[in-house]
Amino acid sequence: MSGATIWLVGAMGAGKSAVGARLAERLGLAFADADLEVERTAGARIPEIFAREGEAGFRARERRAIEALAGSAVVVALGGGAIAQPGAPERLAASGTVVWLRARPETLAARIGDAAGRPLLAGLDAHGRRARLRALLAERSPCYATATIAVDTDGLAPGAVAARIAALLQGRPEGAERMEGAATARTVRVELGARSYEIHLGFETLDQAGPAIAACTKARRAAIVTVPEVGRRYAPRLERSLREAGLRVRRLLVSDGERAKSFTWAQRLYGALLDFEADRGTVVVALGGGVVGDLAGFVAATWMRGVPFVQVPTTLLAMADASVGGKVAVDLPRGKNLVGAFHQPRVVWMDLATLRSLPLRQRAAGLAEMIKHGAIRDAALFERFERDVEGVLALEPAPTLDLLARSCAIKAEIVSQDEREAGLRMLLNFGHTLAHAVETLSGYRRILHGEAVALGMAFAARRSESLGHAPAGTADRLEALLERAGLPTRPPAFPRRAYLSALRVDKKRTDAHVRFVVLRGIGRADTVPLTPAEILPRDFGARAVGRGRAGSEQGPARRRRR
Ligand SMILES: NC(=O)c1ccc[n+]([C@@H]2O[C@H](COP(=O)([O-])OP(=O)(O)OC[C@H]3O[C@@H](n4cnc5c(N)ncnc54)[C@H](O)[C@@H]3O)[C@@H](O)[C@H]2O)c1
Ligand SMILES: [Zn+2]
């Protein structure tokens, strides 16, 4: 939220103009409707502009209108396709906060009526309009999902939607009332004898991290490893708190993205640590997602044969999974996580408020690993998700804190019993066999790890049923939940033989077994040794093609109404 503008995005009929006007009034800001701005400057109505200049002409005008508004303190209702233009998500995010007004196609169709003045729906009957809306939603949802705030509008009046957005913008999301009296922080302990540590979960707790880190590391210096954008947002508060606790602090920036998990970046960090005169009394603090955690942890594990390490995760994936358990690593050009260590943190400090700037798509990816913890180990957690997955996606404090704490407790319990993955910890690989194959085949592009895990879990659950390990209906439940979280459940269409070769760990022996994690039911998992050919049913490739779109192309599903 680096600028002042509040951009309302969503499909036509989502209520952007009506909500925008009310939101502006609530916040005491001006209101602008991008479509009206275009009409005003062009001196023509939108259907006329389309007829005269085509969609390209309209988009160019729309882009100029957006540029003129960007950065000023104004609530802007954008046309349904504005954010789907190349580069638009980044430009909008850079100049303000993007808010997605979500609605089901039926709601949209009902609100739009006969579609007068909507060129993209011109000439269609009611049935055709619904089909076109569905297609537009599927195509644009990934762009809408780059928003940092999403609000469901089904069945809500514009005023109520505006009130909800205002609350979220002011950092008191719904559910805040419910928090009163209830605990607003949680601790989960990871039992590992002398290396035991605590996971601290709370909202707006970055300012309190310093004393906690000082106490459990006794360090005199702190090297904070982070990426530019996360550092800009969150490092100042963490640094201040560490300084107040008496530590000398330095911020070490690495570039964003998986590519930073490399020897090149590790070596740059060693150099920076030398400059900082970092000795054994220095704590390395990872502030960011799983990439920063894995890289900083690897550096902490190896610098002077190991210095204290602290995780301050800022993505849901890092909170739910990567920051707990002590696995740290860098990648090699030929494969991910090939060089690493077990180096447990001294404390994991989770400020859940940092997740508010995390795009929804990334939040959903983190949710996949939390749902996994329920699916393999805790039917009650799974049921909580079935009741409230939308609440966690929207970061409502009470359910988010509860479900994340429970999810961390499951990972902590598994890690305590099997730190080095001799048995139990393998269950955490549920869904990961196919996920890794999908990631390999897609070259790690276009699909997030959590998304690959989601479709891998759906597949593994289906396979558990067909191999007779899980009762019928198990896979349906899991799929329904994943879809509500906006996660893909169908593998992308690569040929079966490509999947087979990606699954073969031992490339020389085609009959080598893989320890495939199956469900015995919701909340119970097991491993069974299977060859890749046994894992993938005969018709697998064809089915992947026939039954669904590739994972990353599937936009976040509509949220089911609670
Ligand atoms: N060590 C483990 O046990 C373990 C487990 C799972 C995954 N991993 C590793 O984690 C990595 C993936 O982690 P990830 O999904 O967090 O990816 P990531 O670290 O790349 O973060 C995703 C994106 O979100 C940005 N970001 C982070 N925090 C943000 C915030 N609060 N607001 C806005 N943007 C924010 C990041 O800069 C990045 O662009 C992979 O390298 C994977 O191998 C490790
Ligand atoms: Zn994973």
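The values are calculated or read from the model by the stated rules, or taken from the named source; none is laboratory data. A quick note: this is a predicted structure, and the numbers were derived from the prediction, not measured. Neighbour counts are summed over all protein chains in view; Cβ atoms, including those assigned to glycine, are modelled from backbone coordinates with ideal geometry.
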> How many residues are over 17 Å from the mean Cα position of the chain (by Cα), in a helix (DSSP H, G or I), away from ligand 2 (no atom under 16 Å from the Cβ) and among the charged types (D, E, K, R) when one looks only at region 389-418?
Replying inline: 3
> Among 329, 300, 320, which is the only one that is away from ligand 2 (no atom under 16 Å from the Cβ) and at pLDDT 95 or above?
Replying inline: 300
> If you go through region 366-388 one residue at a time, how many are within 15 Å of the chain's Cα centre (by Cα) and more than 14 Å from ligand 1 (Cβ to nearest atom)?
Replying inline: 1
> Which of the residues that make up region 365-385 are more than 14 Å from ligand 2 (Cβ to nearest atom) and under 25 Å from residue 433 (Cβ atoms)?
Replying inline: 374, 377, 378, 379, 381, 382, 385
> Can you pull out the residues in region 445-474 that are free of Cβ contacts under 8 Å to residues at least 24 places away in the same chain and in a helix (DSSP H, G or I)?
Replying inline: 462, 465
> For region 140-155, how many residues are assigned to a loop (DSSP other than H, G, I, E, B) and either within 16 Å of ligand 2 (Cβ to nearest atom) or over 18 Å from residue 6 (Cβ atoms) (or both)?
Replying inline: 2
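Rundown of residues vs (1) crowded, with 21+ Cβ neighbours inside 10 Å; (2) modelled with pLDDT of 95 or more; (3) at positive phi, yes/no style:
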site: 342; (1), (2), (3): no, yes, no
site: 370; (1), (2), (3): yes, yes, no
site: 373; (1), (2), (3): yes, yes, no
site: 423; (1), (2), (3): no, no, no
> Looking at this structure, is residue 338 among the aliphatic types (A, V, I, L, M), surrounded by fewer than 24 Cβ atoms within 10 Å (Cβ to Cβ) and free of Cβ contacts under 8 Å to residues at least 24 places away in the same chain?
Replying inline: yes
> Which of the following residues is out of contact with any Ser or Thr (no Cβ under 8 Å at 6 or more places or on another chain) and more than 8 Å from ligand 1 (Cβ to nearest atom): 325, 297, 271?
Replying inline: 271
> Is it true that some residue in region 101-116 is more than 14 Å from residue 5 (Cβ to Cβ), basic (Lys, Arg) and touching a Gly at 6+ places or on another chain (Cβ under 9 Å)?
Replying inline: yes
>> For a quick check of your reading of the model, give me the residue pairs whose first member lies in region 305-331 and is among the acidic types (Asp, Glu), whose second is modelled with pLDDT of 95 or more and surrounded by 22 or more Cβ atoms within 10 Å (Cβ to Cβ), with beta-carbon atoms closer than 6 Å and at least 6 apart or on different chains.
In response: 321/369; 331/261
>> Exactly one condition in (1) aliphatic (A, V, I, L, M); (2) more than 16 Å from ligand 1 (Cβ to nearest atom); (3) at pLDDT 95 or above is false for residue 441; which is it?
In response: (3)
> Can you tell me which of 211, 308 is more than 16 Å from ligand 1 (Cβ to nearest atom) and within 21 Å of residue 330 (Cα to Cα)?
Replying inline: 308
